[in-house]
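To keep things clear, I will list the structure first and then write my remarks on it.
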Amino acid sequence: MMSLISIGNLGRDLRQVVRRLLRSPGFATVAVLTLTLGIGATTSIFTLVYDALLKPLPYPRADRLVVMQESAAEFKDIYPTLPVNANHFVDWQQYSHSFESMAVMRQDSMPMGTDDHPLQISVLRTTPGVFSVLGMAPQLGRQFTEAENQPGRGNVIVLMHGLWESQFHGDPKILGATVPLNGFLYTVIGVMPANFVLPNLQGFGPGVLSMNRREQAQALIPIAFTKEQLQDRAGEFNYFGLARLTPGISVARATGELDAVEHTISAGLSADEKMTLSAELDPFQQYLVGANRKPLLILLAAVAGLLLIGCINLANLLLARAVGRRKEMAVAMALGARRSDLLRASLGEACVLAFVGCALGLLLAAAAVPLLQHFLPATIDFRGALHVDWAGAGFAVLLAIFAALLAGAAPVWMSWRSQPQEALQGESRSASESRGGKRLRKILVAAEVAISVALVLVTGLLMASLYRLMNIGHGFDASRVLTASVDMPSKGYSDRKVSAEFYRKLLGQVQQLPGVQSVGITSILPLNGDSWIDILRVRGDARPLMQLPIEHFRWVSPGYFSALRLPLVTGRFLSDDDYGKNDAVISELAAKTLWPGKDAIGQQFVRGTDTFTVIGVVENARTIELARPDPMMVYVPYWYRSGSGAGILVRTQLDPTAMANALRKSVWSIDPAVAVPNIRTLTGIVSNSVATRRFEMDLLLLFAICAWLLAGLGVYGVVTYSVVQRRQEIGVRMALGAQRANIYAQVLREGLKPVVAGAIVGIAAAFGFARLLESLLFQTSPFNPAIAICAVALLMVAGAAACLLPARRAASVDPIQTLRSE
């Protein structure tokens, strides 16, 4: 018989509750795990979403920070927005009055140090206004001035706090010291405070990405515009713009003011350069989140659905448990127990379950949140370590406790509605649950099935999308290819002939390594975005400059195509015999667009003042991003335009990773001052290019599996409850000749009704929000009947499996005992 909880001895009451739960380990384990999973997952994902979408940026009055971009109507279809032109920025500063301050910047990698194998650091080249825009001043020293932001006078540097501590041991006497950077000496004039952080700006712009996308700026130096940059009014859109609005000025008003300046600039362009310019302003936080907003919100909705399923399931479990305890409570009431005592006893059990589940859920969240840090979108992962958001955790805990207490009070409520003698007479038909109660429990099950079906369906769509993306033809062969990035100091390699000679020596050195089949060099490695977009003119095309086709350029070595196994369509590849010539290889799309219906081999085009001859056409590939084919691509030889940074591709017969040290030594044997910051396999780059999609899918898959299991448990609870309530009815039917198969069919039919209803609602809801998913899918329709059928089938299997054990118990009812009890 159930022991009554005494008000006078809380410790004894708790021990009695724990003993009762230990006598039902299966029930207690499932209930606690349900809460643990729901609270842990919800808290973790809410923390992730809060940090990305809702947490204010770590700058004073961050709501007044806006990103400045430009837009050209002539390029709107290709590039909706462009980075800022240096010449236009100077006009904005001079003629606009809606901003307290504005700045433009560009993030680059530079070697620091004079010893062999210098440290490669990320440097933010910026105008002095960045300090007032972000509302931060150096902790030590000062910021650089407008006078130092001039060519030849800008060799000063402000260190970020992390670099100051790691490389200079936090020396307070660092001010005035010189630091070798990019081959030149820079004077340290300041150190920023530890709480000053910036996002990685290498991930912004039209397709410009870095290999190490999580690297934040480690130092700030003046940008020092050249005379040519300040005179160029129609090209070189290269800079990330950031501004602080004047108090009381709206984004719309500031945009209108800049548009007026842009109109003046457009009116002053020559006929050949004519384009219609406008300004684009976006709140800084909104811009940083960008395309990540929708996936994060979908994850939040999914985990909220999982928590709701968990709460519904917990309620059903507690209600099912209450059936077996109705007689026990009736006996207690017959012996004089007060209803308040019974309520305390029942709520005590629910409280213990809720406390243990919540505690374990918060521990799970505390362990999971640091792991999620590695999967934050790169553009918003700059504010330090993630920590559990206690607001989100509190909401999840309160919801779970409310569900537990509400369901825990159900047994007492049921006992209040019936007389003790009804339960003491045995499991009579009069003790069965009311029709309204049955309907409520079935509605709850249908609701959790609907959420589960929607979650499984969305996960299935993302899995199909990722599978198709990973199995799409790249146009190149990534197997057995090792890649490396090299960065040369500007001093000594500013002349293109010098850098080209370095690459020529490097190609010959690496080609001699054991197992190397081919080696190539390119301006940017595959799937690392784009860095050079230019206008070209086909011979005989007299259109104005801004109406000419825009091409994507890459400079490459002759071995680039064989290293990637990029198929040749017609003509030939570049060769070492072409050294010094302006020959070019173009993509098939470029050939068909520039010379429709003609043979592109031998055709000529002009880039700037240089004329190129097409000697080969290669197949289209996916070297910018995996989700879409490359646009028109032009490959020019490295001796025409080699820079201080490049990517190396080495195809080998051996394990590519085993060649990493040999590749570094080959670079350093030519010049030990050249940095080799990143060495990776090309298959690793391909895999990493879909890492965010895979992370989203993995989380949704985990949630979907949990929802599937919890929905099955919910069905099990309802069916078990129903079987116990109808035990007498089933016994009578069997005594009158009903077969076990009939009993199985009846139980399955009753158990699967809410599953079918919930599945229909779930599919309707998922398809209703299908448009939200469309932009996240690759070659997969959000209205996919096959995946919808699979999602329903999975839930039907879970529901049928959940019905089998109660059905077996129902079919095993002894009709003799039932008739005796009647």
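The values are calculated or read from the model by the stated rules, or taken from the named source; none is laboratory data. All figures in this text were calculated on a predicted structure; none of them were measured in a lab. FYI the Cβ positions are ideal-geometry reconstructions off the backbone, even for glycines, and counts take in every protein chain you see. Quick note on the areas: whole protein, heavy atoms, side chains included, nothing else; ligands and nucleic acids left out. Shrake-Rupley method; radii C 1.70, N 1.55, O 1.52, S 1.80 Å.
Residues in the stretch 600-616 carry Karplus couplings, in order, of 6, 5, x, 6, 10, 9, 10, 10, x, 10, 9, 9, 10, 10, 7, 10, x Hz; the curve used is 6.51 cos²θ - 1.76 cosθ + 1.60 with θ = phi - 60°, and Gly or Pro positions show x.
Using θ = phi - 60° in the Karplus curve 6.51 cos²θ - 1.76 cosθ + 1.60, the 3J(HN,Hα) couplings for the stretch 47-62 round to 4, 4, 5, 4, 4, 7, 9, 10, 5, x, 5, x, 9, x, 6, 5 Hz; x is entered for Gly and Pro. Per-residue surface analysis assigns GLU696 an accessible area of about 30 Å², computed on protein heavy atoms at 1.4 Å probe radius. Remark: the LEU568-GLU165 segment gains 139.9 nm on full extension, using 0.36 nm per residue and subtracting the alpha carbon distance. The modelled label-to-label distance between ALA267 and ALA542, using points 7 Å beyond Cα along the C-beta direction, is 3.0 nm. The modelled label-to-label distance between ALA764 and ILE443, using points 7 Å beyond Cα along the C-beta direction, is 1.5 nm. Label sites at ARG771 and ASN155, each approximated as a point 7 angstrom past Cα along Cα to Cβ, lie 6.0 nm apart. Using the alpha carbons alone, the radius of gyration of the stretch 538-611 stands to its Kirkwood radius in an Rg to Rh ratio of 0.96. Once Rg and the Kirkwood radius are both taken over the C-alpha atoms of the stretch 108-167, their ratio Rg/Rh works out to 0.98. Using alpha carbons only, the radius of gyration of the stretch 41-132 set against its Kirkwood radius gives Rg/Rh = 1.09. Measuring with a 1.4 angstrom probe and ignoring ligands and nucleic acids, HIS474 comes out at about 30 Å² accessible. For a 23 Å ceiling on Cα separation, which of these pairs sit above it: LYS76/LYS581; LYS505/LYS665; LYS76/LYS598; LYS497/LYS581? Correct reply: LYS76/LYS581; LYS76/LYS598. Between PHE783 and ILE705, the C-beta separation translates, for a Förster distance of 22 Å, into a calculated FRET efficiency of about 0.40. Its residue count N fixes a reference of 2.2 N^0.38 Å for the stretch 461-568, and the Cα radius of gyration divided by that reference is 1.40.
Can you give the FRET efficiency for LEU175 and ALA658, using 1/(1 + (r/R0)^6), R0 = 35 Å, r = Cβ-Cβ distance, to the nearest 0.05? The calculated FRET efficiency here is 0.15. If the segment from GLN286 to ASP577 were pulled out straight at 0.36 nm per residue, it would be longer than the present Cα-Cα gap by 99.6 nm.
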